[in-house]
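The values are calculated or read from the model by the stated rules, or taken from the named source; none is laboratory data. All values reported here derive from a predicted model rather than from experimental measurement. Note: ideal-geometry Cβ built from the backbone for every residue, glycine included; neighbour counts use all protein chains shown.
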Amino acid sequence: MTVVAENPARTTRKPLRAGAFGHARVLACRECGHEVDLGPHYACPECFGPLEVSYDFPAVTREEIAAGPANIWRYKALLPVPSDIEESPNTEPGFTRLLRANNLGATLGIDNLWVKDDSTNPTNSFKDRVVACALSAAREFDAKVFACPSTGNLANAVAAAGARAGIKTVVFIPSNLEKPKQINSAVYTDSLVAVDGNYDDVNKLASEIAGEEEGWAFVNVNVRPFYAEGSKTLGYEIAEQLGWRLPDQVVIPVASGSQLTKVDKAFQELITLGLVEDKPYKVYGAQATGCSPVSVAYKVNTDAIRPVKPDTIAKSLAIGNPADGIYVLDVCRRTGGAVEDISDEEVREGIVLLARTEGIFTETAGGTTVGVLKKLVETGQLDTTLETVVINTGHGLKTLDAVSDRVSAVATIAPTYAAFAAADLV
Ligand SMILES: *Cc1c(COP(=O)(O)O)cnc(C)c1O
Ligand SMILES: [Zn+2]
């Protein structure tokens with residue numbers, strides 16, 4: 001994990017509004033438990049471990065949540081945001097569809113399968129959730145610039161959210177990123193910066209800028225504790241949409257590992273708050289073999305995650321040095337799940353499989369998750385009789401190249417019935 005010491009003088013600005021972070025109480029270190037006041041901090045001053053938002057939750061009822069808006073703010077009581085969050089312009093992500101996936105289930109031999117389809121968020125990936133929470137924090141910190149290092153989707157979400165909020169955005173990406181993801185950022189911002197290097201280089205640069213420049217909120221660097229909480233809403237929604245109960249198994253893609261750990265945190269919170277019944281569930285992580293540091297550590301049964309140089313078409317998952325990788329191992333081991341990886345060829349197959357069985361076009365990250373689901377079944381690591389949810393985190397239109405030489409017109413014919421009949425297509 002890259003840890004850069006903070007310089008509080010550069011990040012502490014004006015006093016915070018009362019209730020700026022809702023029912024959040026402090027930032028607590030995941031490693032040593034040391035507590036820090038809510039603010040633009042992300043590393044523990046004692047041990048440099050990552051800080052995480054901790055709460056004094058009010059009593060929340062299912063009815064209160066159900067009466068909220070059809071977006072992530074229905075869970076605002078459980079997020080580090082002010083109670084008037086809906087009034088500040090934002091992209092209003094979340095409350096995406098949970099679809100029954102009987103065709104995919106039948107193909108893979110899984111009795112009871114669902115797809116949580118986050119490709120329909122405002123910028124077509126789950127990143128709109130985390131960015132909405134980071135934007136709220138950036139506002140409360142009075143940030144001048146809303147920024148991120150990104151493998152693509154995050155840059156799209158930051159650029160769009162900043163445009164709606166009327167705050168300057170600067171987004172940094174690896175220069176070899178898919179063209180559609182570049183355009184999907186540049187259309188919202190005049191400050192898309194392509195960096196010659198991989199994501200881990202871009203991330204390191206962002207940490208340096210955050211340390212040098214005043215008033216920059218890097219969503220996944222110096223406001224990361226607030227950003228990360230946004231992923232909990234995926235877990236809340238899955239439970240609410242299942243009729244306020246937890247699934248038996250959930251399969252989640254892993255880049256930095258933040259999303260996976262936060263879906264688990266969400267399930268734990270719902271149990272603690274009495275919003276769902278306590279029951280065992282298994283969490284599975286999905287990676288592409290070309291960037292599988294967490295899967296490798298899982299398989300050799302170590303906690304030591306060795307950073308890798310990514311080489312995979314699943315670019316949105318291409319983080320070679322995943323900040324939350326070790327916590328992914330914790331969650332998957334504790335719940336009895338697993339972490340698995342598949343080849344780029346299997347990623348492509350996963351994309352086409354989901355499209356042809358369920359009418360959902362996913363990007364390479366979703367191809368990875370569906371492909372890993374298939375492999376988990378084939379290797380006997382997943383119980384096919386249990387209720388299973390697979391998360392689709394992004395849209396296939398952003399990674400068309402992944403399947404462009406695999407799917408095409410079956411024939412090109414003259415505009416006549418004779419030509420159609422002669423082609424013998426159906
Ligand atoms: C960022 C991203 C992920 C994983 O996010 P982490 O929280 O960093 O593990 C998964 N899928 C897509 C499409 C993403 O853009
Ligand atoms: Zn600590």
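Structure notes:
- Test: residue in the range 105-121 that is within 28 Å of TYR327 (Cα to Cα) and of a type in the set (Asp, Glu): yes
- All conditions in (1) more than 16 Å from ligand 1 (Cβ to nearest atom); (2) modelled with pLDDT of 95 or more; (3) touching a Ser or Thr at 6+ places or on another chain (Cβ under 7 Å) hold for GLY39, with the sole exception of (2).
- When restricted to residues that are farther than 12 Å from VAL347 by Cβ and either within 18 Å of the chain's Cα centre (by Cα) or part of a loop (DSSP other than H, G, I, E, B) (or both), the range 293-315 contains 15.
- Of all residues in the range 40-54 being touching a residue at least 60 places away in the same chain (Cβ under 8 Å) and touching a Pro at 6+ places or on another chain (Cβ under 8 Å), the one that is surrounded by the most Cβ atoms within 10 Å (Cβ to Cβ): TYR42
- Taking the range 166-196 as the range and being in a strand (DSSP E or B), within 21 Å of the chain's Cα centre (by Cα) and of a type outside the set (A, V, I, L, M) as the test, the residues that pass are THR169, PHE172, PRO174.
- For VAL60, the criteria (1) more than 30 Å from LEU177 (Cα to Cα); (2) buried (at least 24 other Cβ atoms within 10 Å of the Cβ); (3) among the hydrophobic types (A, V, I, L, M, F, W, C) hold in every case but one, which is (2).
- With respect to the conditions (1) within 18 Å of ILE110 (Cα to Cα); (2) crowded, with 24+ Cβ neighbours inside 10 Å, LEU386 falls short on a single one, namely (2).
- Residues being under 13 Å from the mean Cα position of the chain (by Cα), of a type outside the set (Asp, Glu) and either more than 12 Å from ligand 1 (Cβ to nearest atom) or part of a helix (DSSP H, G or I) (or both) - total across the range 222-231: 3
- When each of LEU234, LEU205, LEU242 is tested for being within 15 Å of ligand 1 (Cβ to nearest atom) and aliphatic (A, V, I, L, M), the lone residue that passes is LEU234.
- Condition met for SER256 (in contact with a strand residue (DSSP E or B) (Cβ under 9 Å, 6 or more places away or on another chain), away from ligand 2 (no atom under 16 Å from the Cβ), within 21 Å of GLU363 (Cα to Cα) and among the polar types (S, T, N, Q)): no
For every residue, the table says whether it meets (1) on the phi < 0 side of the Ramachandran plot; (2) assigned to a helix (DSSP H, G or I).
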| site | (1), (2) |
| --- | --- |
| GLY337 | yes, no |
| ILE351 | yes, yes |
| GLY367 | yes, yes |
| GLY380 | no, no |
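Yes/no matrix, rows are residues, columns are (1) buried (at least 19 other Cβ atoms within 10 Å of the Cβ); (2) in a helix (DSSP H, G or I); (3) of a type in the set (D, E, K, R):
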site: VAL328; (1), (2), (3): yes, yes, no
site: ARG333; (1), (2), (3): no, yes, yes
site: THR412; (1), (2), (3): no, no, no
site: VAL426; (1), (2), (3): no, no, no
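- Test result for GLU240, in a helix (DSSP H, G or I) and more than 17 Å from GLY337 (Cα to Cα): yes
- Filter pass, ILE72 being within 16 Å of ligand 1 (Cβ to nearest atom), farther than 23 Å from LYS204 by Cα and either at pLDDT 95 or above or within 24 Å of the chain's Cα centre (by Cα) (or both): yes
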